[in-house]
Amino acid sequence: MSRRSSLQYQQGAYAGHPADGRLQQAAARRASAGYTLVHAGRALRLGPLAFWALVAALVVMGVWTVTTATYFAFREDVLTRLIARQAEMQFGYEDRIADLRARVDRMSSRQLLDQEQYEQKVEQIMRRQSALESRASALGEVTGSVRPTVRTDPPRPSLLKPAPLGDKGAFRLQSDREVAVDLPSGPALKSVGGVGGALARLQASLDRVEQRQMAALNTMEESYEFKARRIRGVLSELGVDIGKAVAADSARGMGGPFVPARLPGDAGSFDRQLHRISSARSQMHRLSRALGSVPLRKPIDKEIDLVSGFGVRNDPFTGSPAMHTGLDMHGATGDPARATAEGKVTSAGWSGGYGRVVDIDHGNGLSTRYAHLSAIDVQVGQMVKVGQIIGRIGSTGRSTGPHLHYETRVKGEPVDPNKFLRAGARLDL
C-alpha cells in the first residue's frame, strides 16, 4: 500500500472518533517520519534513507541486468568490430612499413646511382688529366725542354719564351705545378658546394689547362713559321739559293729508311697541330743549320771599328782611286780573327799584298778571306766551325798598320760584307 492510501485510511479511521485533533497531528508526524509499506494486511515501515537505498539498489540491478543482456546479445558484433579494427590497424602498420622499405630502397638505389655517376665523373677527370699530362710531355719533347707540368692557378702572360736563333730556334716551356685530383670531404665538402661543385671546379681547371696548352701550341706554330719566313727572306735578299743551302746542310752524315709521317685517323686537333708544329720546327731547324754556312757573324770579338769600307777609295800608298774589295777592321796585333761561318780552309799562307791570308769555302758559292794576319792557326783542308779562331790580326803584306782585311765572295766575286753582317744582326746572330 502506498503512503498516500495509508494516510487516507488512517485519517478516515479517526474521522468519526470524537477525539480531538491531537490524534490527527500525531498520526501526521508518524507518517512524515518514514514510509510504511502494507501488503496482505501487513505494514512495513521504512525510513527515508533506507527507502532510497533500496531504490538505488533496484536501479543498479536494473542497469546491470540491461547491460548484461545487451552484452550477451551483441557480443559477437562487438568482438567482430574489435577484431576488424585490430586487423585494420595491423594492415595500416604493415603498409607504412612497406612504404618505408620502398623509400629506403629508392634512396639506396639513388645513392648507388649517384655513387656510380660520381665514380664515372672522377674516372673521366682522371683520364682527361692523364691526357693533358701526355700532351704536356709531348710539348716538352717538341720544345726540347724539361718535362712541363700543368697548373691550376691563372696562367702567366706567356708560357713560352723563344730562345735566340743561335740555339737552333728552340723554345723553353716554363715549369708549373701539377694538377692533382683532390676532392674535399666532410665539412669542407659541404662548404665548397658538395661533390658536384668540386667536380665542376676540377673540370673548369682542366679546361683552363687545355686552353693554355692550345695557346702554347699556337704560339709555337706562329713563332716557327715567322722565323722560317724571316730566314728565307734574309737568304733570298743575300742571293743565296735556299734549296742548295738546305741540301748542303743535309749532305752531312744523315740517312735511314724513308718512313712517311702519318697521323692516325682518330687524331684530334691537338695531335694534328702538334704534327704541324713538328714539321715547321724541323723545317726551321734545317734553315737555321743552313745559316751556319752563310758568313753572317763578325770576324772579330770587339765591336767593329771600320777603318775602310767596301768600294772605291784613295789608295793609302799612292793616293789614287782604287777598288777596295773588303772591309778593314781596326784591331791590335795578336787579336783573334774568327771564322764567320762553317767551311773548309782552301788557302792558308802568304799571298802578295794580302800578306798572310786564310781563305774559307762555305759552299753554295760563298767564301771568305782574312788577310794581313800576323799568324795562321789553321791549315789547308781543315774544316772549321762558326767562331773558330783561324789566325791573329797583324799588318803583313801591303798594310800601313795592324788591322783585319775581311772579304766576302759570291762565286769568286767580292761583294760588300756589310750586307751579310747587317743580315746577321737582323737575325740576332
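Listed values, structure above:
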read-out	value
Whichever residue in the stretch 327-353 is under 59 Å from the mean Cα position of the chain (by Cα) and assigned to a loop (DSSP other than H, G, I, E, B) and, among such residues, is surrounded by the most Cβ atoms within 10 Å (Cβ to Cβ)	Thr340
Any pair with Cβ under 6 angstrom, 6 or more apart, that starts in the stretch 218-235 at a residue that is under 13 Å from Val294 (Cβ atoms) and ends at one that is of a type in the set (A, V, I, L, M) and at pLDDT 85 or above	Ile231/Leu287; Val234/Ala423
The lone exception for Ile231 - which of (1) of a type in the set (A, V, I, L, M, F, W, C); (2) modelled with pLDDT under 75; (3) within 30 Å of Gly365 (Cα to Cα) it fails	(2)
Candidate set: the stretch 414-429, residues that are touching a Leu at 6+ places or on another chain (Cβ under 8 Å) and of a type in the set (A, V, I, L, M, F, W, C); chosen: the one surrounded by the fewest Cβ atoms within 10 Å (Cβ to Cβ)	Leu427
Residue count for the stretch 354-363, restricted to those that are surrounded by 23 or more Cβ atoms within 10 Å (Cβ to Cβ) and under 12 Å from Met383 (Cα atoms)	2
Answer from Gly397, Gly387 - the residue that is closer than 22 Å to Leu291 by Cα and outside any strand (DSSP E or B)	Gly387
Answer residue from the stretch 256-310, given it is among the small types (Gly, Ala, Ser) and in a helix (DSSP H, G or I) and is modelled with the lowest pLDDT among those	Ser269
Sole residue being surrounded by 10 or more Cβ atoms within 10 Å (Cβ to Cβ), at pLDDT 75 or above and in the same structural domain as Ser205 (by TED's automatic domain parsing), chosen from Arg127, Arg147	Arg127
Test result for Leu199, modelled with pLDDT under 85, assigned to a helix (DSSP H, G or I) and over 30 Å from Val415 (Cα atoms)	yes
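The values are calculated or read from the model by the stated rules, or taken from the named source; none is laboratory data. Because the structure is predicted, anything quoted here is derived from the model rather than measured. Every residue, glycine as well, gets a Cβ built from its backbone with ideal geometry; the counts of neighbours run over all protein chains shown.
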